[in-house]
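Asker: Below is a structure I'd like to ask you about.
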Amino acid sequence: MLRFIVRRLFLLVPILLGVSLLVFVWIHLLPGSPAQALLGERATPQSIAQINHQFGLDKPLYVQYWRYLVETVGHLNLGTSIKTFRPVTFEIENRFPATVELALGAMAFALAVGIPLGFFAAKKYGSFFDHSSLIFSLLGISIPIFFLGLILKYIFAVRLGWLPSIGREDVLATRSHPTNFYILDAILNGDPGALWDTIKHLILPSIALGSIPLAIVTRITRAAVLDVQNEDYVRTARAKGLPPFQVDQRHVLRNALLPISTIIGLQTGLLLSGAVLTETVFAWPGVGSWLKDAIFDRDYPVLQGGIMFLAVVFVVVNLIVDISYAVINPRIRLS
Amino acid sequence: MSVAEIEAREIQLEAPTGGLWADAWARLRRNPGALAGFFLVGSFVVIAIFASVMAPYSPTHVDLNALSANGLPTGPSWQHWVGVDQLGRDEFSRILYGARYSLVIGLVAVSSGLSLGLLFGSVAGYVGGFVDSLIMRFMDVMLAIPGLLLAIGLVAALGQGLWQIMVAVGITNVPIFARLLRGSVLAQREQDFVLAARAVGARRRGILFSHILPNAMSPVIVQGTLAMATAIIDVAGLGFLGLGPQDPGTPEWGTMLTQADQYLESGALYLAVSPGIAIVLAVLGFNMIGDGLREALDPKLRGRVGKFKEAKAEPPDGRLVPEVGESA
């Protein structure tokens, strides 16, 4: 087990090196330059040269790449945003918690609705309810997130006015955020008003972002329960006279949770790697919308640092999923 | 029935009735979901081809007289079935023309991504060794970058425009197909018929093209259909982020949705709903066909043309466990 983990960690090195090289080459292929994007029409050759010099963009490319590697790996320094002049690590500390909170909210929504839905669909196999759940989950993966987001915003924010449509908290709020996880902060500060405000802001984006995982969780749960239901041990449990409720809970659902847990891990990894569209629709200050803006602003350090960071998150989450899968399911041997 | 009779019957049921494709088609025909999918995609294609005949107005015809007194878009009426947009253009005609963009961009993107992925995947799977490692590590690198960001970045690097979108969406598809095909080829490589072909002295390329690839294709076809669905969403997503076709007047569904966003407050919901529903129906169609195809091409179900209901659930599949490329 330990050998497997160590080997997998070593395998990450060439992948991350590849990502850094790919990102580096790509951003230098982008037309325009950060100096131009920053200065706009006021750009003079002198001011452009000054900005280029300040950020080391006048050096040869291989020198720039080497410096970027040394700084990133050696000093964990991702540079400074050319747009905001704030360190990239500072931005990530502020924005990644927002993305994590949104991803967890979306996953919580998907599981809370998807598992019961899939379970009862399988229990009532072939019934009207079963068919509706299949159609429902097909619709879930067919609706573009930004469309669903717009509709949710229109109904619950514009029309009914029940929920806020943008941001993470009330724009006028002046609260301290020690961890940048706003829900956690509200609890730490012992502020129920802030907690409610934060949760209210989280609801619509979570539903929009959770629509795809919801559909997937529903289908996997249904398939897994159908599979497990025909197993011998379930028949044995029934035969020995256990109440149906206990058979479902202890034997069927427990074993069906195996494939579901893999999906949860994989989907969480995907959600964490930047919900660009959801964050754009709901003006959510996360990593995805930040990187999207950085592409338009030609903010090289943000792109280099931010995409690298997301790549690390993505591969590490996938590794954790693989390991936890082996831990949960002893029948799987890692090779 | 005696045991022998039962066995004979089982063997008969297992036996393919008329080849993989005839079999699959027979099963597809009995699947109401797949039929509905064919209907949706069929209408989508017909609309895309005959948009100019079916549309009552030109999609780019600006008619400021059609706007309301205070210059806002107006809702459905007898002249304009789905209302007009902020420039008085007929929304219904724009939706019909929009089908062209989605269909063509999706088709080109998926087929180019598929062919490149096919090439990489089959070479990696069949040649193996160093080449395999090199190709697959490169695919891993591409997979580690979030798909939509990769697409946005490519469009930003190549400049806005139709073919740039096709390239961007196509490239995000390459690693998905490469991985799928490599796995499939690896599984086929060990089959007895490959050994037999090698034994009679067939050449490597010949074995790859005439024995391995045809047998490794069915998951690719399923994934290709589902990738069309994702591509349509991705193209609309790029349009929504302002990276659609260069001319903002192009009736592309995602671009239309962004523009509608500004009019939500004034209650012009139909401007967001109509392109949105168009996207959903097109995507739904491809997803339903993909689902149907997966069931129809499943080798475990082969030779049973709907006579026996499977007790087992459908296996978890590629589309439901997306590795990348889902736009969030």
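The values are calculated or read from the model by the stated rules, or taken from the named source; none is laboratory data. Quick caveat: nothing in here was measured; it's all calculated off a predicted structure. Note that each Cβ is placed from the backbone with ideal geometry, even for glycine, and that neighbours are counted across all protein chains shown. The area values use the complete protein model at the heavy-atom level, side chains included, leaving out ligands, DNA and RNA. Shrake-Rupley method; radii C 1.70, N 1.55, O 1.52, S 1.80 Å.
Asker: If you take the residues of the stretch A:27-39 that are open to solvent by less than 40 Å² (accessible area, probe 1.4 Å) and part of a helix (DSSP H, G or I), which of them is nearest to the other protein chains (Cβ to nearest Cβ)?
Answerer: Looking at the filtered set, the residue picked out is A:ILE27.
Asker: A follow-up question, please. Answer with yes or no whether B:VAL82 is open to solvent by less than 40 Å² (accessible area, probe 1.4 Å) and either of a type outside the set (Phe, Trp, Tyr) or outside the structural domain of B:TRP253 (by TED's automatic domain parsing) (or both). Explain how you work it out, then say what you get.
Answerer: Details: open to solvent by less than 40 Å² (accessible area, probe 1.4 Å): yes; either of a type outside the set (Phe, Trp, Tyr) or outside the structural domain of B:TRP253 (by TED's automatic domain parsing) (or both): yes.
For B:VAL82, the condition - open to solvent by less than 40 Å² (accessible area, probe 1.4 Å) and either of a type outside the set (Phe, Trp, Tyr) or outside the structural domain of B:TRP253 (by TED's automatic domain parsing) (or both) - is met.
Asker: Check A:ALA224, A:ALA237 and return the single one that is within 13 Å of another protein chain (Cβ to nearest Cβ), among the small types (Gly, Ala, Ser) and surrounded by 15 or more Cβ atoms within 10 Å (Cβ to Cβ).
Answerer: On inspection, the qualifying residue turns out to be A:ALA224.
Asker: OK, next. Return the pair list, or none, for Cβ contacts closer than 7 Å from residues in the stretch A:138-154 that are over 18 Å from A:HIS201 (Cβ atoms) and in a helix (DSSP H, G or I) to residues that are of a type in the set (Val, Ile, Thr) and open to solvent by 20 Å² or more (accessible area, probe 1.4 Å), at least 6 apart or on different chains.
Answerer: none
Asker: Out of all the residues in the stretch B:258-266, is one or more surrounded by 19 or more Cβ atoms within 10 Å (Cβ to Cβ) and modelled with pLDDT of 80 or more?
Answerer: yes
Asker: Only one residue in B:GLY237, B:GLY244, B:GLY201, B:GLY224 is assigned to a loop (DSSP other than H, G, I, E, B) and under 21 Å from the mean Cα position of the chain (by Cα). Which one? Even if it seems obvious, please write down each step before you answer.
Answerer: Values: B:GLY237 fails: assigned to a loop (DSSP other than H, G, I, E, B); B:GLY201 fails: under 21 Å from the mean Cα position of the chain (by Cα); B:GLY224 fails: assigned to a loop (DSSP other than H, G, I, E, B).
Result: B:GLY244 is the single residue among B:GLY237, B:GLY244, B:GLY201, B:GLY224 that is assigned to a loop (DSSP other than H, G, I, E, B) and under 21 Å from the mean Cα position of the chain (by Cα).
Asker: Looking only at the stretch A:136-151, which residues are within 30 Å of A:ALA194 (Cβ to Cβ) and either open to solvent by less than 20 Å² (accessible area, probe 1.4 Å) or not assigned by TED's automatic domain parsing to the domain that holds A:ALA194 (or both)? Let's see the steps before the verdict.
Answerer: To start, the set of residues in the stretch A:136-151 that are within 30 Å of A:ALA194 (Cβ to Cβ) comprises A:145-146, A:148-151.
Once the filter is applied, which keeps residues that are within 30 Å of A:ALA194 (Cβ to Cβ) and either open to solvent by less than 20 Å² (accessible area, probe 1.4 Å) or not assigned by TED's automatic domain parsing to the domain that holds A:ALA194 (or both), the stretch A:136-151 yields A:ILE145, A:PHE146, A:GLY149, A:LEU150.
Asker: Another question, then. Within the stretch B:149-172, identify whether any single residue is in contact with a Gly (Cβ under 9 Å, 6 or more places away or on another chain), surrounded by 24 or more Cβ atoms within 10 Å (Cβ to Cβ), in contact (Cβ under 8 Å) with a residue 40 or more places away in the chain and farther than 22 Å from A:PRO31 by Cβ, and answer yes or no.
Answerer: The answer is no, given that none of the residues of the stretch B:149-172 is in contact with a Gly (Cβ under 9 Å, 6 or more places away or on another chain), surrounded by 24 or more Cβ atoms within 10 Å (Cβ to Cβ), in contact (Cβ under 8 Å) with a residue 40 or more places away in the chain and farther than 22 Å from A:PRO31 by Cβ.
Asker: If I filter the stretch A:228-244 for residues that are in a helix (DSSP H, G or I) and in contact with an Asp or Glu (Cβ under 6 Å, 6 or more places away or on another chain), do I get at least one hit? Before the answer, list the steps.
Answerer: Of the stretch A:228-244, the ones in a helix (DSSP H, G or I) are A:228-229, A:232-239, A:244.
From what's left, in contact with an Asp or Glu (Cβ under 6 Å, 6 or more places away or on another chain): none.
The answer is no; no qualifying residue exists.
Yes/no per residue for (1) away from chain A (no Cβ under 13 Å); (2) aliphatic (A, V, I, L, M); (3) open to solvent by less than 70 Å² (accessible area, probe 1.4 Å):
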{"site": "B:GLN188", "(1), (2), (3)": "yes, no, yes"}
{"site": "B:ASP192", "(1), (2), (3)": "yes, no, no"}
{"site": "B:ARG198", "(1), (2), (3)": "yes, no, no"}
{"site": "B:GLY201", "(1), (2), (3)": "yes, no, yes"}
{"site": "B:ARG205", "(1), (2), (3)": "yes, no, no"}
{"site": "B:SER218", "(1), (2), (3)": "yes, no, yes"}
{"site": "B:ALA229", "(1), (2), (3)": "no, yes, yes"}
{"site": "B:GLY239", "(1), (2), (3)": "no, no, yes"}
{"site": "B:PRO245", "(1), (2), (3)": "yes, no, yes"}
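Asker: Can you tell me how many residues within the stretch A:40-77 are closer than 27 Å to B:GLN160 by Cα, β-branched (Val, Ile, Thr) and surrounded by 12 or more Cβ atoms within 10 Å (Cβ to Cβ)?
Answerer: So the answer is 2.
Asker: For the stretch A:106-135, name all the residues that are modelled with pLDDT of 90 or more and open to solvent by 60 Å² or more (accessible area, probe 1.4 Å).
Answerer: A:ALA112
Asker: Could you say whether any residue in the stretch A:197-217 is more than 20 Å from the chain's Cα centre (by Cα), free of Cβ contacts under 8 Å to residues at least 60 places away in the same chain and assigned by TED's automatic domain parsing to the domain that holds A:ALA98?
Answerer: Within the stretch A:197-217, one or more residues are more than 20 Å from the chain's Cα centre (by Cα), free of Cβ contacts under 8 Å to residues at least 60 places away in the same chain and assigned by TED's automatic domain parsing to the domain that holds A:ALA98.
Asker: Can you run down the residue pairs with Cβ atoms below 6 Å, 6 or more apart or on separate chains, where the first is in the stretch B:272-284 and at the interface with another protein chain (Cβ under 7 Å from one of its Cβ atoms) and the partner is hydroxyl-bearing (Ser, Thr, Tyr) and open to solvent by 10 Å² or more (accessible area, probe 1.4 Å)?
Answerer: Filtered contacts from the stretch B:272-284: no entries.
Asker: Please go through the stretch A:240-255 and give me each residue that is more than 17 Å from A:ALA122 (Cα to Cα) and either hydrophobic (A, V, I, L, M, F, W, C) or open to solvent by less than 90 Å² (accessible area, probe 1.4 Å) (or both), ordered by number.
Answerer: A:GLY241, A:LEU242, A:PRO243 - these are the residues of the stretch A:240-255 that are more than 17 Å from A:ALA122 (Cα to Cα) and either hydrophobic (A, V, I, L, M, F, W, C) or open to solvent by less than 90 Å² (accessible area, probe 1.4 Å) (or both).
Asker: Does at least one position in the stretch B:227-243 carry a residue that is closer than 19 Å to A:VAL281 by Cα, among the acidic types (Asp, Glu) and at pLDDT 85 or above?
Answerer: For the stretch B:227-243, residues closer than 19 Å to A:VAL281 by Cα, among the acidic types (Asp, Glu) and at pLDDT 85 or above: present.
Table: residues versus (1) farther than 19 Å from B:VAL222 by Cβ; (2) assigned to a helix (DSSP H, G or I); (3) more than 10 Å from every other protein chain (Cβ to nearest Cβ).
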| site | (1), (2), (3) |
| --- | --- |
| B:SER111 | no, yes, yes |
| B:LEU116 | no, yes, yes |
| B:VAL123 | yes, yes, yes |
| B:VAL131 | yes, yes, yes |
| B:ARG137 | yes, yes, no |
| B:VAL141 | yes, yes, no |
| B:LEU150 | yes, yes, no |
| B:VAL174 | no, yes, yes |
| B:PHE177 | no, yes, yes |
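Asker: Can you tell me which residues in the stretch A:263-280 are touching a residue at least 60 places away in the same chain (Cβ under 8 Å) and more than 8 Å from chain B (Cβ to nearest Cβ)?
Answerer: Those that are touching a residue at least 60 places away in the same chain (Cβ under 8 Å) and more than 8 Å from chain B (Cβ to nearest Cβ): A:ILE264, A:GLY265, A:GLN267, A:THR268, A:LEU272, A:GLU279.
Per-residue answers, yes or no, for (1) assigned by TED's automatic domain parsing to the domain that holds A:THR262; (2) under 30 Å from A:ALA35 (Cα atoms); (3) out of contact with any Gly (no Cβ under 6 Å at 6 or more places or on another chain):
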site: A:TYR62; (1), (2), (3): no, yes, yes
site: A:ILE82; (1), (2), (3): no, yes, yes
site: A:ASN94; (1), (2), (3): yes, yes, yes
site: A:ALA103; (1), (2), (3): yes, no, yes
site: A:MET107; (1), (2), (3): yes, no, yes
site: A:ALA110; (1), (2), (3): yes, no, no
site: A:ILE115; (1), (2), (3): yes, no, yes
site: A:PHE120; (1), (2), (3): yes, no, yes
site: A:LEU134; (1), (2), (3): yes, no, yes
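Asker: Go through (1) crowded, with 24+ Cβ neighbours inside 10 Å; (2) more than 30 Å from B:GLY242 (Cα to Cα); (3) under 16 Å from the mean Cα position of the chain (by Cα) one by one and return the number of the condition A:SER289 breaks.
Answerer: Failed condition: (2).
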